[in-house]
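The values are calculated or read from the model by the stated rules, or taken from the named source; none is laboratory data. The structure presented is a predicted model; accordingly, all values stated were derived computationally and were not measured. Every residue, glycine as well, gets a Cβ built from its backbone with ideal geometry; the counts of neighbours run over all protein chains shown. Remember, those area values only see protein heavy atoms, side chains included, never the ligands or the DNA or RNA. Shrake-Rupley method; radii C 1.70, N 1.55, O 1.52, S 1.80 Å.
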Amino acid sequence: MKKILFKILRYSGIPTILRETAQKKEVTIITYHDPLPETFNETIIYLKKYYNIIPLSFYVECLMNNRVVPPKTIIITLDDGHKNNYKLLKSIKEYRVPITIFLCSEIIGTNRHFWWTHKIVGYSLKELKRMPELERRNLYKKNNFDFVTNYGENGRQVLNMEEIYEMFLSGYVDFQSHTMSHVLLDKCDDSLALEEVQYSKLNLEKKLNKPIYALAYPNGFYSDREIINVQKSGYLCALTMDPGFNAKKTNHFKLRRLGISDKANIDEIIVRTSGLWGLFKKMKKLISPSSID
């Protein structure tokens with residue numbers, strides 16, 4: 001049903017109207033996590049035809065120096081640093097598109113796992129995300145999972161350092177911060193919240209020998225405290241999962257992004273990239289308390 005809905009919305013003409021009006025003078029940032037190569041390829045082909053794809057670093061430079069960006073500017077980001085992101089390099093180089101991948105500094109280059117990939121019997125992922133960070137960690141430890149377990153090369157979930165260096169040296173892939181261990185920052189105590197932000201920056205700068213200027217809040221969760229911590233740690237901007245576009249007046253530490261599902265087809269790509277899906281969800285919430293993913 002959702003595929004049919006995306007097709008209807010695509011051919012309604014509204015995505016085209018939004019692209020040529022609302023998006024024309026603002027900056028759109030989209031994000032994936034672990035996209036299928038075919039999904040990513042379709043995305044690039046579509047975006048290159050209708051948008052100006054720029055690096056996040058160039059946009060930040062424009063923000064810092066009050067410079068104008070091209071019309072219908074779009075930025076491509078990926079969160080977490082999944083190992084299959086490496087498979088996207090062929091398309092990235094072929095089409096010469098800049099992307100930014102946000103990395104968890106203590107997980108990349110290891111055979112450790114992301115905490116949410118391990119299910120806890122009796123708890124939904126939504127419930128786990130609502131828990132205070134230390135309470136959730138203790139629950140996982142009781143269920144034989146922690147952040148430092150090495151699952152071996154066959155169990156690797158993230159990019160290794162060789163892949164990261166190759167992608168970076170291509171000239172098209174930038175890497176920035178996604179905390180150290182993908183904690184949900186607003187569920188952390190003050191000490192841990194600051195540590196995850198500060199040391200991720202320091203660790204990545206040491207490992208990659210490059211400036212780290214941006215942080216993407218894991219799951220898009222943040223509070224006023226996180227904004228202060230990011231500024232205090234020397235970042236120039238931070239990215240949320242708040243839907244919408246970015247204008248000159250947008251807070252640099254609350255940049256908006258549009259999430260696209262990793263298995264999206266071209267109909268979904270067009271609808272979500274235009275911002276129409278976010279508008280559709282808002283309208284639905286006014287009618288019904290339930291939400292759409």
Problem - Flag for TYR86 being surrounded by fewer than 20 Cβ atoms within 10 Å (Cβ to Cβ) and closer than 27 Å to LYS206 by Cβ - result: yes
Fill in the blank from the handout: Taking region 168-199 and keeping only residues that are under 16 Å from THR77 (Cβ atoms) and part of a helix (DSSP H, G or I), one is left with PHE168
Practice task
Could you tell me whether any residue of region 106-117 is more than 20 Å from THR179 (Cα to Cα) and either touching a residue at least 40 places away in the same chain (Cβ under 8 Å) or aliphatic (A, V, I, L, M) (or both)?
Solution key: no
Practice task
From (1) more than 26 Å from ASP34 (Cα to Cα); (2) open to solvent by less than 40 Å² (accessible area, probe 1.4 Å); (3) in a loop (DSSP other than H, G, I, E, B), pick out the condition that doesn't hold for ASN229.
Solution key: (3)
Practice task
Please note which helices (runs of 4 or more DSSP H) are completely contained in region 67-156 and include at least 1 residues that are over 22 Å from the mean Cα position of the chain (by Cα).
Solution key: 89-95, 133-142
Exercise for the section: Identify the residue in region 232-274 that is hydroxyl-bearing (Ser, Thr, Tyr) and under 12 Å from THR31 (Cβ atoms) and, among all such residues, is surrounded by the fewest Cβ atoms within 10 Å (Cβ to Cβ). Expected result: SER261
Problem - In region 176-226, residue surrounded by the most Cβ atoms within 10 Å (Cβ to Cβ) [restricted to those that are in contact with a helix residue (DSSP H, G or I) (Cβ under 8 Å, 6 or more places away or on another chain) and at positive phi] - result: THR179
Exercise for the section: From ASN265, ASN251, ASN246, grab the single residue that is more than 29 Å from ASN229 (Cα to Cα) and modelled with pLDDT of 90 or more. Expected result: ASN265
Exercise for the section: Mind listing whichever residues of region 118-170 are open to solvent by less than 30 Å² (accessible area, probe 1.4 Å) and without any contact (Cβ under 8 Å) to a residue 24 or more places away in the chain? Expected result: ILE120, LEU128, LEU139
